[in-house]
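Working notes, structure below.
The values are calculated or read from the model by the stated rules, or taken from the named source; none is laboratory data. Quantities reported herein were computed from a predicted structural model and do not represent experimental measurements. Here the Cβ is made from the backbone with ideal geometry for all residues, glycine too, and neighbour counts use every protein chain on show. Areas reflect the complete protein model, heavy atoms only, side chains present, ligands, DNA and RNA absent. Shrake-Rupley method; radii C 1.70, N 1.55, O 1.52, S 1.80 Å.
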Amino acid sequence: MRKKIHSVLLFLLIVTGAEVVHGVGASYWTQTNEDDFKAGTLENVVATNLGDLKLSRAVKTLLEEDPQISSVNVLAEAPDGSIYAGTGPHGVLLQIKDQKVSTLAAIDGAAAILSLVVQKDGALIIGTGGEAGRVLKIDKPGDKPHVLFQAEGVQYIWGLAQTPDGDLYAATGPHGQLFEIKSDGTKRTVLDTNEGNLLSLLSDGKDTLYLGTDPHGLVYRVNRKSGESFVLYNAAESEVSALALDKHGNLYAGTSEAKEEPNAGAPAEAEPEKEGRPEGGSTGVPIPSDRPKDPTPPGPVPNPNPGQPAPIPKTGASFQQRPDSSRARAHGLQLIRRRTAVAVNADRKNFWATESGAEGIGSAVRFAFATDVTDDKPAPTDAANKKRHPKPSPGNPNPAPPPGTPFPASQPAAATAPAHQPTVDTTAGAEPRAEGNAIYRIDPDGFVTEVFRQPVLILSMVENNGTLLAATGGAEGQVYQIKPAAEETLVLAKVDAKEIMCLMASRDGKVYMGTANVGTVASMSGGFAARGTYSSSILDATQISRFGKIHLHGALPTGTTLTLSTRSGNVKEADDKTWTKWSDEAPAAEFMQVMSPAARFLQYRLTFSSGDGKATPVVHDVSTAYQMPNLAPRIKAIKIATSTLGADLNADAEPTLRRVESARRQTIAWDASDPNNDTLIYSLYIRLIGEEGWILIKDKLTDTTYEWDTRTVADGRYEVKVIASDANANPAGMGKTASRVSDPLTVDNTPPVIGDIKSQQHGADMHIDLKVVDRTSTVAAVDYSVDSNKDWQFVLPTDQIYDSPEETVSFSIPGLKPGQHQVTLRATDSKGNQSFENLFISVRSPAAAAK
């Protein structure tokens, strides 16, 4: 959600319910959710999905920028506690010991080290990518690497996994093959897919392997002994780049499809059409007209027919005023692509199996998965919101059996080199694509639940006891903590690099991160950062305003502090030269007076501190009061349109007889607003063009429309004026007004007059001549009906066009039978007014008429 400025919004013809804010009252700028806070600048501070601000985890950079290293792709830990890091683009292998980084080796002919496994004896297994993908082994630090595996067409060893019996498995690209490498040096193809790359690889520690693919976003389950495979899920995204498995058999799959940036610079919203003009912009003297001011009517006619920890204290001490090295993606023959390989060593199973109550390793890593602070916001538990849905694999309507169960005997056993898998149709029956990337949980029954979605790339995951840590990239590198059972997501840490390629939880209780764009290694400890700041986005009050109090809600655990500072200015971009200095830091309280002077713009800064790193201040929401001087209302437009209500129909004629709509009722509508969001009242005035005085027709209006019955005024050309006032929303004498005058409109409620009617028989035809005159507008039509027939016949004037206030009409009625007839004449003017006249004629037989 975007920041909310509590105010009244009045719009043309639409009145929406909102909080009423008086002109001399306060308006509020409120920040209360993740999107609100992310609009500011966070330094060692994170915004959670629950809408809180808090300190991030303490992050220490171990490897500074190195020109030989643009990405750290994979991390693995040795039994002696040493950390190894595989990098690109020059195949440099790093060793981290006692928080110090050194270069262990540079792999010849390797563009990048993409995967690592550390064996029980400390030997290193290395997977590389470049012109040729190889699996190498370094028996002990200092030894030269030797080749364990190399195959024709393989360029990338995206993932390596070693099972308890010592067998190695390599996930490769660009031909989507899974290879087995035994300790005796033999190798075989376990799976050959139609995918381009097997991006991620994970072992359950037994006989089941899991794979994530590109470009169809498939999650495979493979029995490494039989070679039988099964697609568990087909993600909407094209790349499954990270996998994790919990102790209950739930598999987590993270995606990292990169999407094109939307086009910037969308066209600005069109300015609304303006009608009417400001008062004073009068139409002036009317254009002279040759219409007679008192026209003489035609001659007489015969027979006429007429929306916990200790809290922040209520009060506090007063305070006084004072080079883009972005990495290219690779696919097939392209450069090395983003992802992190899953490193599995012989001890990993025991490491993750340590329960939270155990001593040593388990207790050392609990920081990454424990609740940060007590939060008074309960996590949502409505199962209906979990988006849980079964997702059978392509070609198989039944969910997959739990991992580890024997494959059905009816399935054919895989050959040593299995045939390519059938191509997956990812378009049939597909739902609309969601934005961003996701983490999917696939339970042992094959049901799929989306547990996380953000506009980021998910590049690595680690899991413990139902909680995930996810390394992400894209706009910024962040580590998310995700608790699927509680539907809670929060950011633990953020790094300067745009991508965190890999995560690894070590035995010393730290989480190590490898990054790209700037290739670094960093460690995240179990404690919070000692200090962090949050600088808000800029409050724009739109006018120079006086600032009131800042209202804070949150928590201050023992050993933590929170301070507030503000600054103001009249230039949109805040800087030290054009704005005031930051005010002195003051201890946070629930209500704090802003000490910065009146201005159009305001910014606040919160400083978080943690004495021992065990707890953090938490801010739930921030509201800032400000008050603008009373400003005059604005009327942007006046529109006048003919009403079409049924009650307006001429009582003297059926509705079907009308050629134009009646203009007796006019709807006056206006678009008005108030810069202070004051409640407005309106007055309506009219004036006959050429006259000076305005006549009030209605006041104390609160709606922005009015139905005007024009029969209450004389015919003529009029202007309408709307005056808007905020007087009721301000102290006496401080109200302001605005006005706008409409474009001229013609009021004409008088029907035209029919006269000078003459009739003469010519043979079998009866010829009729007449004249029609209208006082105010123009004649629009003449029709006739014979002997009360409901069918009316339209006739043209002698000049063939109705365009003036006086028209002469001449027409013949053929085929009348001898005898008495009644001809009804109807004249309509351009405003829909109608008049009727009857003409009684006697038709003689043609012979008699000829005499």
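With one equal scatterer per alpha carbon and no solvent term, the Debye-computed log10 I(q)/I(0) for segment 102-219 at 0.09, 0.10, 0.13 1/Å reads -0.22, -0.27, -0.46.
Net charge around T533, counting only other residues with Cβ within less than 10 Å of its Cβ (Lys, Arg = +1; Asp, Glu = -1)?
Working: positive: R531, R605; negative: E43.
In short, +1.
Between T750 and A727, the FRET efficiency from the beta-carbon distance, with R0 = 35 Å, is close to 0.35.
Given the C-alpha atoms of segment 489-529, compute the convex hull and give its volume per residue in Å³.
Numbers: hull volume 3.5 nm³, N = 41.
Spelled out: Cα convex hull of segment 489-529, divided by residues, is 84 Å³.
With 23 Å as the limit, the listed pairs K700/K721; K206/K247; K100/K614 have K100/K614 beyond it between alpha carbons.
Of R224, R634, the residue with the largest accessible area leads and the full order is R634, R224 (1.4 Å probe).
Accessible area of D787 (1.4 Å probe, protein heavy atoms only, ligands and nucleic acids ignored): about 80 Å². Can you bin segment 107-169 into rounded, prolate or oblate? Criterion: square roots of the alpha carbon gyration tensor eigenvalues sorted a ≥ b ≥ c, rounded for a/c under 1.5, prolate for a/b above b/c, oblate for the rest. Here segment 107-169 falls in the oblate category.
Determine the sum of side-chain charges near F547: Lys and Arg each +1, Asp and Glu each -1, restricted to other residues whose C-beta is under 12 angstrom from that of F547. Can you show the working numbers first?
Working: positive: R546, K549, R567, R600; negative: none.
In short, +4.
Would you mind calculating the relative contact order of segment 128-250 from Cα pairs under 8 angstrom and at least 6 residues apart, reporting the percent as a whole number?
On the way: 306 pairs, mean separation 19.1, N = 123.
The normalised contact order for segment 128-250 reaches 16 percent.
Among 730-737, 29-36, 706-713, sorting by the average number of other beta carbon atoms lying within 10 angstrom of each residue, highest first, gives 29-36, 706-713, 730-737.
In terms of Cα atoms, the Rg and Dmax of segment 542-617 work out to 14.2, 44 Å. Annotation note: trypsin sites (Lys or Arg not before Pro) in segment 529-608 located in DSSP loop regions with a Cβ neighbour count of at most 15 within 10 Å are K572, K577, K581. Only Lys, Arg, Asp and Glu carry charge here, each on its Cβ (+1 for the first two, -1 for the last two); on that basis segment 655-759 has a dipole of about 360 debye about its Cα centre.
As a calculated quantity, the FRET efficiency between D612 and K182 at R0 = 60 Å, using C-beta atoms, amounts to about 0.70. Could you list the trypsin sites (Lys or Arg not before Pro) in segment 32-128 that lie in coil according to DSSP, counting only those with at most 14 other Cβ atoms within 10 Å of their Cβ? Here the trypsin sites (Lys or Arg not before Pro) that fit, given the DSSP loop and packing criteria, are K120. Rg/Rh for segment 790-850 stands at 1.04; both radii use Cα atoms, and Rh follows the Kirkwood definition.
The modelled label-to-label distance between A258 and S845, using points 7 Å beyond Cα along the C-beta direction, is 10.3 nm. Please say if segment 482-554 is rounded, prolate or oblate, where rounded means a/c under 1.5 for a ≥ b ≥ c the square roots of the C-alpha gyration tensor eigenvalues, and otherwise the choice is prolate for a/b larger than b/c and oblate otherwise? Prolate shape, in that a/c is at least 1.5 and a/b is the bigger ratio. Let's test the formula: R0 of 60 Å, r as the Cβ-Cβ distance of D80 and Q543. What FRET efficiency results, to the nearest 0.05? E between D80 and Q543, to the nearest 0.05, is 0.35.
In this label model, R634 and E131 are separated by 6.6 nm, measuring between points 7 Å along each Cα→Cβ vector. Taking a ≥ b ≥ c as the square roots of the eigenvalues of the Cα gyration tensor of segment 16-175, is the shape rounded (a/c under 1.5), prolate (a/b larger than b/c) or oblate? Judged from the Cα gyration tensor, segment 16-175 comes out prolate (a/c at least 1.5, a/b above b/c).
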